[in-house]
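Single-structure report; data block below.
All of the numbers you see were taken from the coordinates with simple rules; none came from a lab. Bear in mind that the values here come from a model prediction, so they are computed numbers and not experimental data. Cβ sites come from the backbone with ideal geometry, for glycine too, and all protein chains shown count toward neighbours.
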Amino acid sequence: MRRWIPCLVLTAAAGCASAPPQTQPSTRPSLVVVIVVDQMRTDYIERGLPHFTGGLRRLATEGTWFRDAAYPYLNTVTCAGHSTIGTGSLPYRHGMVLNAWWDRETGRSRPCTSDGTVRNIGYSGKAAGGDSARSLLVPTLAETLRRETGGRTVALSLKSRSSIPLVGRSATAIAWFDELTGWTTSTAYAPTKLPWLDRYFAANPVKADAGRTWERLLSPSHYEGVDDGTGERFPQGWTQTFPHVLATTVPPFTAQWQRSPFADEYLGKLAGAAVNSFGLGRGKGVDFLAVSFSTLDLVGHQFGPASHEVQDVVLRLDRTIGALLDHLDKTVGRGRYVVALSADHGVGSLTEQYAGAGRQGGTESLAAINGALAPFFGEGKYAVHSAYTDLYFAPGVLRKLEANPNAAAAVLAALKKLPALAHAFYASEIAAPEARQASDPVRRAAALSYHPERSGDIIVVPRPGWMLSTTSAATHGTLYTHDQQVPVIFYGPGVAAGVRGGAATPADIAPTLGALVGVPFAAPDGRPLVTLTADK
Ligand SMILES: [Zn+2]
């Protein structure tokens, strides 16, 4: 019988170079679990580890943690990160370059999962729009496991752009939380509501959390910094400081709930229910369960990474993930499942807490371009859309600029005068495949995020500490370490405990998980960090 024995390597062909695995199962794992924490920087785990008792402790201390893992690209946003984790490809290849890009044909912003050919289905009301993985240009690991082993695939999150890219174009079950209609799925995955989910949502209404109080899990002395940090923002009905009481009316209950650890707890229990309902890990194939916890992102955008709120969400996630792993131990069996933990991006500090920094909205970049072109072509709206680092021209403008180098140069000069911007360059500089190996790290990172039909005509990069948004207190979406560096941790049978250095990216997750369950998954931008050998 083939024995499934993983070994740790840091270079693709270097062979087995790891410490002996803790356990060597005689059969391959029957369940792949992908846990994504939206907006979790690597240092959150280091910072919280002394206080962790649950799942984050178990993964960080009993799994293999690739300590230097980071996204290599510029547009460190949710849809791009989840698509990278789900497919093992980078945005230039998987195509999910932003959460929403400018559709040049329709002249409208297009959310990454939007699909006019399908219809969303609300579990407790009529849902708007339609979402699918139609814009995802490469296959996911989950699709491959489904096709090659007959495994069941499940994805759960508060966001469609965090669940859909983890499973792809088909799934056994998928649900996300819509601000207006609550739990939602799409006809892309099933023609109607799934009965077990319908029953679960009816028996476990989110509104049961109305009136609950979010207080710090530990005593205040366990938290770094102050609770009322300068520049912190908060949802309607709350203040900067604990306790945070969830309203009993909608609004503002739904917005508050999504920004409370109760939403993460709900997702963790929902994931456990999915394991029971489908018998995940107990079928003939290799099953796939993805859970993306969204609350940290929503809290981080408002309260900022130094806040007691962010620290508490992470502490409670440790417990929530611990409960999910304990449930998997009981139902699937310890040693019968593999886990990857990562994040879709990190986050920068509040600009108020960063000397010399500030905020600039996207409209200021567009105004600078339009002002620079007025002397050449007359007053007009030449730049029409800003998607953080990506600026888009109206149809025909790029051609006019190609014919008028002085006008083209004036655009860049005007952008570089803006205090927020460190870099501004035409996308034509990064369009060629060689740009993805450019020696200039800014051009290289932008090229790895670049898709010709979806990315902007001009790429801008904010100065350190600056934000190209006025709506959030803190945000992400750049090539700085605070946005790119995220945890990449593998845990499961045969995966040795330890912290590893060396290059690694979240694009390595899908091929590594494929290797751990013996289903090779070709991912040209990633490589197995933990590979299987089979003794004869
Ligand atoms: Zn975010």
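Order 141-152, 417-428, 508-519 from most to least packed using the mean count of other Cβ atoms within 10 Å. Please list the in-between numbers first.
On the way: 141-152: 21.8, 417-428: 17.2, 508-519: 25.4.
Highest to lowest by the protection proxy: 508-519, 141-152, 417-428.
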For HIS423, what residues show an amide H to amide H distance below 5 Å, using hydrogens built from the backbone and excluding near sequence neighbours? VAL461
Per the Cα gyration tensor, region 113-157 corresponds to an equivalent ellipsoid with semi-axes, largest first in Å, of 24, 15, 8
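Evaluate the relative contact order of the chain (contact order divided by residue number), counting alpha-carbon pairs under 8 angstrom at least 6 apart; express in whole percent. Can you show the working numbers first?
Values: 1268 pairs, mean separation 159.9, N = 536.
Once normalised by length, the contact order is 30 percent.
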Can you compute the modelled spin-label distance between ASP68 and GLU429, with each label point 7 Å from Cα toward Cβ, in nm? 2.7 nm
Work out from phi, with θ = phi - 60° and the Karplus expression 6.51 cos²θ - 1.76 cosθ + 1.60, the ³J(HN,Hα) of each residue of region 56-70, listed in order in whole Hz, and give x for Gly and Pro. 5, 5, 4, 5, 6, 9, 10, x, 9, 10, 7, 5, 9, 4, 7
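Using DSSP to define loop residues, name the trypsin sites (Lys or Arg not before Pro) in region 318-390 whose beta-carbon has at most 13 other beta-carbon atoms within 10 Å. Could you put the intermediate results ahead of the total?
Numbers: sites: ARG319, LYS330, ARG334, ARG336, ARG359, LYS381; in loops: ARG334, ARG336, LYS381.
Those that pass, being in a loop and sparsely packed, are ARG334, LYS381.
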Once amide hydrogens are built 1.01 Å from N within the peptide plane, the residues lying 5 or more places from LEU31 or on another chain with amide H under 5 Å from its amide H are ASP287, VAL338
Region 254-309-region 102-161 distance, computed between alpha-carbon centres (Å): 18 Å
Amide H neighbours of ARG500 under 5 Å, counting only residues 5+ apart in sequence or on other chains, H built in-plane at 1.01 Å? TRP65, PHE66, ARG67
So what's the back-of-envelope 222 nm ellipticity for the chain, counting only DSSP H runs of four-plus at -39500 (n - 2.57) apiece and dividing by all residues, rounded to 500? -9000 deg cm²/dmol
0 to 90° range, to nearest 10: angle between helix 405-417 axis and the chain longest Cα axis: 60 degrees
Expressed in angstrom, Rg and Dmax over the Cα atoms of region 430-536 are 17.8, 60
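Can you compute the FRET efficiency between ASN406 and SER439 using 1/(1 + (r/R0)^6), with r the Cβ-Cβ distance and R0 = 41 Å? Round to the nearest 0.05.
Values: r = 29 Å, r/R0 = 0.70.
E(calc), rounded to 0.05, equals 0.90.
Need one number: convex hull volume per residue for the chain, Cα atoms only, in Å³.
On the way: hull volume 77.3 nm³, N = 536.
Taking the convex hull of the Cα positions in the chain, it is 144 Å³ per residue.
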Using a 7 Å offset from the Cα along the Cα-to-Cβ direction at both ALA190 and ARG119, what is the distance between the two label points in nm, to one decimal? 1.7 nm
To the nearest 20 debye, the chain has a Cα-centred charge dipole, built from +1 on Lys and Arg Cβ and -1 on Asp and Glu Cβ, of 1380 debye
Here the convex hull volume per residue of region 211-276, taken over Cα atoms and given in Å³, is 112 Å³
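Are there any GluC sites (Glu not before Pro) in region 374-482 that are in a DSSP loop and have at most 15 other Cβ atoms within 10 Å? List them by number.
Here the GluC sites (Glu not before Pro) that fit, given the DSSP loop and packing criteria, are GLU379, GLU453.
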Computed over the chain: longest principal axis from alpha-carbon atoms vs helix 362-377 long axis, angle to nearest 10 degrees, is 30 degrees
